[in-house]
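These notes concern the structure reproduced below.
The values are calculated or read from the model by the stated rules, or taken from the named source; none is laboratory data. Being a predicted model, the structure only gives us computed values, none of them experimental. Glycine gets a Cβ as well: all are built from the backbone with ideal geometry, and neighbour counts include every protein chain shown.
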Amino acid sequence: MQTLRRKDILGLEEMSAEEINLILETARSMREIMQRKIKKVPVLRGRSVLNLFYEPSTRTKASFELAQKYMSSDSVSVAGTSSSLVKGETLKDTVRNVEIMGIECVIMRHPVSGSSHYLARNVEASVINAGDGMHEHPTQGLLDMFTIWEKKGRLEELKVAIVGDIRHSRVARSNLWGLQKMGAEVVVAGPPTLMPPDLNAFGVKHFTVIEEAVDGADVVMALRLQKERQESGLFPSMREYAELYGLTPQRITRTKEDLLIMHPGPMNRGIEISSELADGPQSVVLEQAASGVAVRMALLYLLLGGTKE
Amino acid sequence: MKPLFITGGRVVDPARNFDDSADILIREGVVEKLEKELKQPPEAEVIDAAGLVVTPGLIDIHVHLRDPGQEYKEDILSGTRAAAAGGFTALAAMANTDPAGDDPSMIRYIYERAANAAAKVYPLGALTKGLEGKEMAELGRMKSAGAVGFSDDGRPVVDGTIMRNALQYACGIDAPVIAHEEDSYLFAGGVMHEGSVSSVLGLKGIPSAAEEAMMARDLLILKLTGGSLHLAHVSTAGSVELVRNAKAEGLQLTAEVTPHHLLLTDRLVKNSGYNTNTKVNPPLRTEYDRQALWAGLLDGTIDAIASDHAPHHPDDKDVEYDFAPFGIAGLETTLPLMLDEVASGRIKKFTLPLLVEKLTSAPARILDLPGGTLAPGSPADLTIIDLNREFIVNPETWYSKSRNTPFAGKRLTGAPVYTIVGGRITMKEGVVTENEKGA
């Protein structure tokens with residue numbers, strides 16, 4: 001099998017459709033391993049990975065850790081709150097100290113946009129961005145695409161509506177780049193205050209009325225709404241947000257029949273998505289979580305799998 | 001002190017519209033004669049300036065020396081050495097030190113520390129006590145101690161009444177006020193220009209309106225009060241338009257622009273992979289803004305070029321983008337960057353005499369400083385330039401303690417080869433020596 005000819009996975013903006021295809025194909029083989037009774041292959045035996053999480057994470061962290069275990073790599077996980085971050089050590093010092101212990105790949109989540117670029121410049125290890133600030137969350141974008149691809153058999157010419165806080169969302173940015181590269185049509189919807197200052201940069205259309213955005217959609221993706229956005233004055237109240245922009249069955253009647261409902265989690269039920277939709281037959285929220293492990297196994301394999309002498 | 005005789009150079013003195021080859025005789029720290037051909041006094045030290053350009057000493061009216069308080073980033077000694085290395089004979093030092101330069105003793109401290117420095121230092125006083133924007137500082141007492149102007153630079157004056165009173169009061173003591181135009185609410189914790197690049201990078205944006213709204217307010221206040229206002233580091237097309245219109249209305253104001261705003265755009269934040277040396281306030285703007293700044297510089301809307309030298313310790317910048325402080329160090333790159341623009345001919349009408357004006361007579365006029373010309377009787381502050389000198393920007397060789405430049409590695413044509421302060425050579429071929437008056 002081919003490998004990725006890059007040291008790091010920092011974002012989907014700089015990734016080609018061929019690379020994304022390779023990752024999705026590889027993830028399909030990995031998913032098959034996950035379905036075995038004994039979910040373990042020795043592909044990454046003796047390889048060392050660091051999970052460095054400067055922000056809380058349940059899904060992404062668990063998913064990366066499981067991917068590493070299924071691939072037989074050795075890994076350590078460090079959480080920002082328990083680490084040297086609180087002791088004032090710089091990111092560069094922290095990672096260089098761990099790198100010298102033999103780490104070959106760093107998975108990092110960090111609250112500052114661009115921090116994975118900064119890290120990648122400063123270490124020889126491969127860096128996988130597990131979410132940097134408001135910039136990108138490429139593995140989430142890939143697992144979302146993988147989920148859609150598995151369900152629909154293609155990404156080309158699908159219409160995907162992403163609804164909610166696009167402005168602060170790294171998930172949205174990765175999906176905007178990735179899905180469009182794969183030939184999908186992407187539209188975004190939500191209040192203007194939750195849109196990036198310049199949406200033209202992404203080449204997508206913006207709707208303020210959800211019903212119009214989801215018209216004819218194959219996929220509707222809700223994004224998590226953080227309470228602090230209301231506190232910083234971007235919209236008046238959670239109640240009003242739910243009323244105007246929350247996804248409910250009544251609001252998505254004009255979509256395709258075989259619609260997929262997605263959410264990267266964690267969900268605010270009753271705010272950006274109603275429980276009826278989240279738990280309904282169209283929802284693939286749990287499949288997304290399962291895809292996450294397969295995609296991350298694929299990435300680890302493609303970055304580290306070739307024998308390095 | 002031996003007389004200094006500079007012979008055979010092309011002398012460019014925009015204050016007098018002079019651009020011709022001439023000899024210059026300097027005696028006792030003063031330009032004694034400047035004529036087509038002078039007799040060389042036998043006892044004089046001679047500089048053969050054939051093939052070189054001789055200009056009035058360059059003046060940088062926007063410099064952060066970080067002294068006192070943050071001497072690990074820069075101090076008066078290292079900052080003035082950097083100035084001399086960059087061809088500057090004088091600089092105006094901003095008051096955002098720790099403690100703030102809001103008291104006559106602080107003004108005197110700067111003069112004392114800079115007494116034998118490689119470049120002259122003119123302290124600017126804080127406009128408000130502790131730079132807090134609440135209470136006017138003792139402008140009159142600081143002026144008596146030698147402050148050449150007043151500014152809270154680095155911070156905006158949020159309260160319009162404070163700005164109104166300060167401008168009006170400064171009028172009475174005949175001192176210019178320098179405004180750092182920024183509406184802190186619109187600024188809102190941004191780290192780069194707000195636009196398509198910030199949208200893609202997921203970095204918090206600083207809209208052009210943050211600068212323009214505050215500038216519009218201050219121009220309206222200026223109309224109310226009269227007085228003399230200088231606008232620091234103008235960075236947007238809208239700001240240029242505001243200044244142009246205000247000048248057309250006859251308001252008494254001047255404006256400066258930095259080399260980095262003239263040469264770089266927000267694209268560099270992306271293309272450099274979030275390099276923190278692109279993080280500066282006001283932020284690098286768009287190509288549209290950059291073109292407008294050049295137009296403003298060429299048509300006289302923008303009076304002067306200033307570095308906004310904002311030195312930081314390399315450790316301070318070697319962090320994640322949001323965590324890095326704002327600022328670009330510019331004392332050792334400003335002149336070469338601008339000379340390179342002249343050499344390249346990229347900007348038609350940006351001639352050597354115009355560049356020299358923007359770095360000599362214009363800044364001297366803005367802050368009413370001595371120098372800025374080579375008229376006989378002027379202080380013997382001179383810069384000698386080799387227009388053909390090629391080099392690569394290498395911050396590792398700087399005299400400044402800082403290394404924070406987005407221009408590292410850039411190949412440039414044109415560099416200063418001598419800096420002369422009060423008739424003494426403080427920089428020769430890139431090597432700086434202090435201006436020891438006793439020696």
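The requirement of being within 19 Å of B:Val200 (Cβ to Cβ) and either modelled with pLDDT of 95 or more or within 13 Å of chain B (Cβ to nearest Cβ) (or both) is satisfied by A:Val188. How many residues does the range B:174-213 hold that are under 24 Å from the mean Cα position of the chain (by Cα) and of a type in the set (Val, Ile, Thr)? Residues flagged as under 24 Å from the mean Cα position of the chain (by Cα) and of a type in the set (Val, Ile, Thr) within the range B:174-213 amount to 4.
Looking at the range A:143-164 only, could you name the residues that are acidic (Asp, Glu) and surrounded by fewer than 24 Cβ atoms within 10 Å (Cβ to Cβ)? A:Glu150, A:Glu156, A:Glu157 - these are the residues of the range A:143-164 that are acidic (Asp, Glu) and surrounded by fewer than 24 Cβ atoms within 10 Å (Cβ to Cβ). If only residues of the range B:241-261 that are closer than 17 Å to B:Ala292 by Cβ and in contact (Cβ under 8 Å) with a residue 60 or more places away in the chain are counted, the one that is farthest from the other protein chains (Cβ to nearest Cβ) is B:Glu256.
Among the residues of the range A:119-132, those that are within 14 Å of chain B (Cβ to nearest Cβ) and crowded, with 24+ Cβ neighbours inside 10 Å comprise A:Leu119, A:Val127, A:Asn129, A:Gly131, A:Asp132. Just to be sure, is B:Ala179 surrounded by fewer than 20 Cβ atoms within 10 Å (Cβ to Cβ), away from chain A (no Cβ under 14 Å) and either in contact with an Asp or Glu (Cβ under 8 Å, 6 or more places away or on another chain) or within 21 Å of B:Ala306 (Cα to Cα) (or both)? So B:Ala179 does not fit the description; no.
Scan the range B:2-25 and give yes if some residue there is buried (at least 19 other Cβ atoms within 10 Å of the Cβ) and among the aromatic types (Phe, Trp, Tyr), otherwise no. Steps first, please.
Filtering the range B:2-25 for residues buried (at least 19 other Cβ atoms within 10 Å of the Cβ) gives B:4-7, B:9, B:11-15, B:22-25.
When the remaining residues are screened for being among the aromatic types (Phe, Trp, Tyr), the result is B:5.
Yes: the range B:2-25 contains one or more residues that are buried (at least 19 other Cβ atoms within 10 Å of the Cβ) and among the aromatic types (Phe, Trp, Tyr).
Every condition in (1) within 14 Å of another protein chain (Cβ to nearest Cβ); (2) surrounded by fewer than 16 Cβ atoms within 10 Å (Cβ to Cβ); (3) under 22 Å from the mean Cα position of the chain (by Cα) holds for A:Thr193 except the one numbered (3).
Enumerate the helices (runs of 4 or more DSSP H) found wholly within the range B:305-389, keeping only those where 2 or more residues are within 14 Å of chain A (Cβ to nearest Cβ).
Working: elements: B:314-317, B:334-344, B:352-359, B:361-366.
Helices (runs of 4 or more DSSP H) meeting the threshold: B:314-317.
With respect to the conditions (1) touching a Leu at 6+ places or on another chain (Cβ under 7 Å); (2) within 16 Å of B:Leu293 (Cβ to Cβ); (3) more than 14 Å from chain A (Cβ to nearest Cβ), B:His193 falls short on a single one, namely (3).
Residues being farther than 19 Å from A:Leu50 by Cα and within 11 Å of another protein chain (Cβ to nearest Cβ): count how many of those fall in the range A:133-142.
Of the residues in the range A:133-142, 4 are farther than 19 Å from A:Leu50 by Cα and within 11 Å of another protein chain (Cβ to nearest Cβ).
To keep it simple, each residue is scored yes or no on (1) without any contact (Cβ under 8 Å) to a residue 60 or more places away in the chain; (2) assigned by TED's automatic domain parsing to the domain that holds B:Ala213; (3) more than 29 Å from B:Leu387 (Cβ to Cβ); (4) not basic (Lys, Arg).
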residue: B:Tyr274; (1), (2), (3), (4): no, yes, yes, yes
residue: B:Lys279; (1), (2), (3), (4): no, yes, yes, no
residue: B:Leu298; (1), (2), (3), (4): yes, yes, no, yes
residue: B:Ala304; (1), (2), (3), (4): no, yes, no, yes
residue: B:Lys317; (1), (2), (3), (4): no, yes, yes, no
residue: B:Pro325; (1), (2), (3), (4): yes, yes, yes, yes
residue: B:Thr333; (1), (2), (3), (4): no, yes, no, yes
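A:Arg251 passes every criterion in (1) under 26 Å from A:Ala130 (Cα atoms); (2) assigned to a helix (DSSP H, G or I) apart from (1).
For B:Glu256, indicate whether it is among the charged types (D, E, K, R), crowded, with 20+ Cβ neighbours inside 10 Å and either within 21 Å of the chain's Cα centre (by Cα) or over 19 Å from B:Ala306 (Cβ atoms) (or both).
On the way: among the charged types (D, E, K, R): yes; crowded, with 20+ Cβ neighbours inside 10 Å: yes; either within 21 Å of the chain's Cα centre (by Cα) or over 19 Å from B:Ala306 (Cβ atoms) (or both): yes.
Yes; evaluated as a whole, the condition is true for this residue.
From the residues in the range A:236-277 that are small (Gly, Ala, Ser) and under 24 Å from the mean Cα position of the chain (by Cα), which one is surrounded by the fewest Cβ atoms within 10 Å (Cβ to Cβ)? Filtering the range A:236-277 for residues that are small (Gly, Ala, Ser) and under 24 Å from the mean Cα position of the chain (by Cα), the one surrounded by the fewest Cβ atoms within 10 Å (Cβ to Cβ) comes out as A:Ser275. For the range B:120-156, taking the residues that are under 21 Å from the mean Cα position of the chain (by Cα) and over 18 Å from B:Ile110 (Cα atoms), the one that is surrounded by the most Cβ atoms within 10 Å (Cβ to Cβ) is identified as B:Pro156.
Scanning the range B:96-122 for residues that are more than 25 Å from B:Met338 (Cα to Cα) and not in a loop (DSSP other than H, G, I, E, B) yields B:Pro104, B:Ser105, B:Met106, B:Ile107, B:Arg108, B:Tyr109, B:Ile110, B:Tyr111, B:Glu112, B:Arg113.
From the set of residues in the range B:290-305 that are of a type in the set (A, V, I, L, M) and within 18 Å of B:Gly330 (Cβ to Cβ), which is surrounded by the fewest Cβ atoms within 10 Å (Cβ to Cβ)?
First, pick out the residues of the range B:290-305 that are of a type in the set (A, V, I, L, M): B:292-293, B:295, B:297-298, B:302, B:304-305.
Next cut, within 18 Å of B:Gly330 (Cβ to Cβ) only: B:293, B:297, B:302, B:304-305.
Working: B:Leu293: 23, B:Leu297: 25, B:Ile302: 26, B:Ala304: 25, B:Ile305: 27.
Going through the qualifying residues, I end up with B:Leu293.
Tell me the residue from B:Lys223, B:Lys204 that is modelled with pLDDT of 95 or more, among the basic types (Lys, Arg) and farther than 30 Å from A:Asp198 by Cα, please. Just one listed residue meets the conditions, B:Lys223.
Filter the strands (runs of 3 or more DSSP E) completely within the range B:1-95 down to those with at least 3 residues that are under 21 Å from the mean Cα position of the chain (by Cα), closer than 19 Å to B:Pro336 by Cα and of a type in the set (A, V, I, L, M). Give the derivation first.
Numbers: elements: B:4-13, B:18-27, B:30-35, B:45-48, B:53-56, B:58-63, B:88-93.
In the range B:1-95, the matching strands (runs of 3 or more DSSP E) lie at B:58-63.
Contact map, the range B:198-227: first residue more than 25 Å from A:His137 (Cα to Cα) and more than 14 Å from chain A (Cβ to nearest Cβ), second residue in a strand (DSSP E or B) and at pLDDT 95 or above, Cβ cut-off under 7 Å, separation 6 or more or different chains; pairs are B:Met215/B:Leu231; B:Asp218/B:Ala179; B:Asp218/B:Leu229; B:Leu222/B:Leu229; B:Leu222/B:Leu253; B:Gly227/B:Val177.
When B:Ser400, B:Ser378 are checked against the criterion of being of a type in the set (Gly, Ala, Ser) and over 18 Å from the mean Cα position of the chain (by Cα), B:Ser378 stands alone in meeting it.
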